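Report on one structure; see the data block that follows.
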Amino acid sequence: MTYPVPYLILVALLEVCALIVAAPSASGRTRLLSTVVAVASFFLFFAFRGFIMSDWIVYYPYFVHCSWSDIYTYTIGSVVAFEPGYTILNLVCRSVFDDYFFFQFVVCLIDTVLLLRFLRQRVDNIPLALTLFVVFSGLSIICNLMRNFIAILLFLNALPYLEERRPLPYFLMCLLAATFHMTALVYMPLYFILHRSFSKWIYLGVFIACNVVFLGKISLVMALVSYSGLDEQMSEKVRVYTELFSNASVLSIGYLERLATGLLVFCYYDRLREINPRNSVIINALLLYFMAFFLFSEFETLSQRSGYLFVFSYWVIWIDLMKCFAIANNRKLFVSFVMFYCLLKTWSMTQLPDMQYDNVLTGMKSYQERLVIHNKTTND
């Protein structure tokens, strides 16, 4: 299968740039050049992509047919119109240049600027952070979840207001994010807890409890639904919108990765805060990611979508974990493992025909051609 090749090339290029930036002998100019190459490659890869993955099936027709009336008729959960902020962005781009790929370019430009603004505040190796972004859910988010990603990025750029305890700009940013995707409303109550420095034993207790629920296949969500008396009314919707995984194996590479990450963070809990006092927000977000993944794991879609809201913690915490190893050889071994694992994970998640990459600049398949490929993927 050749589907993974373009993605592997991108990740390998980002990794090379990351190693150059991290090299002690590299000059400031060399580090800057490597960062520029990494950012430019990242942007060109995603901004000019063709119809890859699946959500373009919805977003492309919406770009063509949306109207100003959608702003006023939108209701939460609507399948006819999207959130007002996203609709306005569609309409403005269409009025400038009536082409879906121009709109996709603009969205990717917004995404890249907001993502870099967040990463510059948290990490000292942008190419490495972009590598981790692509590998840990970023590929799916930037290609498939165009509305969600803008909302997530607006929240990430509101984090300084949370840390500085400035509620007004924080809540305004969250409300702006909600105009692109309503899930951003989840971020609003986090103003009161995400900045707190909890004991590492509280972290460990919650992490263990999440693993017990996951490994024991405890149906926590359905238990709450049943307790509330809504099980009969919601049972059909649960079957339609979620995928029960009761027969799936829990001991996967992905689970081992999360287990190892959670335990490493516990082992270096205090050290991570010494490296960066602002890591309390990132560690708390990581714990929320584990809670979303493990507690909702009985439903694949719910687990993934809720986890996406906090997966940004991975993009930062793995870089800071690399700094925690006191012995140089151990640090090099961990970096080598991360680089190899990123390539392996990229290969494994780009195997389906839906992932076949093409580019506007070099030639791409039409909407109808890609629709045939998508239908073949889902029916096989």
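The values are calculated or read from the model by the stated rules, or taken from the named source; none is laboratory data. Since we're looking at a predicted model, the values are computed, not measured. Please note: Cβ atoms are built from the backbone with ideal geometry, for glycine as well, and neighbour counts cover all protein chains shown. Keep in mind that these areas ignore ligands, DNA and RNA; they rest on the heavy atoms of the full protein, side chains included. Shrake-Rupley method; radii C 1.70, N 1.55, O 1.52, S 1.80 Å.
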| note | note: segment 47-184, Cα-Cα separations exceeding 26 Å make up a percent value of 26
| query | Hey, if we sort Glu83, Glu274, Glu300 by accessible area with the 1.4 Å probe, largest down, what's the order? | reply | Glu274, Glu300, Glu83
| Tail weight of P(r) past 20 Å, computed on alpha-carbon pairs of segment 103-224, percent | 57
| For Lys345, what charge total do you get from the other residues with a beta carbon under 13 Å from its beta carbon, if Lys and Arg give +1 and Asp and Glu give -1? | -1
| note | Rg (one decimal) and Dmax (whole number) from the Cα set of segment 20-87, in Å, equal 20.2, 59
| query | Computed FRET efficiency, Cβ-Cβ of Thr75 and Leu19, R0 35 Å: what is it to the nearest 0.05? | reply | 0.10
| Relative counts (whole %) of C-alpha pair distances in segment 268-380, using bins that are 5 Å wide | 2, 10, 12, 13, 16, 15, 12, 9, 6, 4, 1, 0
| message | Give me Rg/Rg_expected for segment 1-119, where Rg uses Cα atoms only and Rg_expected = 2.2 N^0.38 Å with N residues. | response | 1.36
| field | Cβ-derived FRET efficiency at R0 45 Å, Asp124 paired with Asp98, nearest 0.05 | value | 0.60
| message | Per DSSP helix of 4 or more residues, -39500 (n - 2.57); summed, then divided by the residues of the chain. What does that give at 222 nm, rounded to the nearest 500? | response | -21500 deg cm²/dmol
| request: Alpha carbons only, please: Rg and Dmax for segment 333-380, in angstrom. | output: 15.2, 47
| field | At q = 0.07, 0.11 Å⁻¹, base-10 log of I(q)/I(0) for the chain (Debye sum, equal scatterers on each alpha carbon) | value | -0.33, -0.86
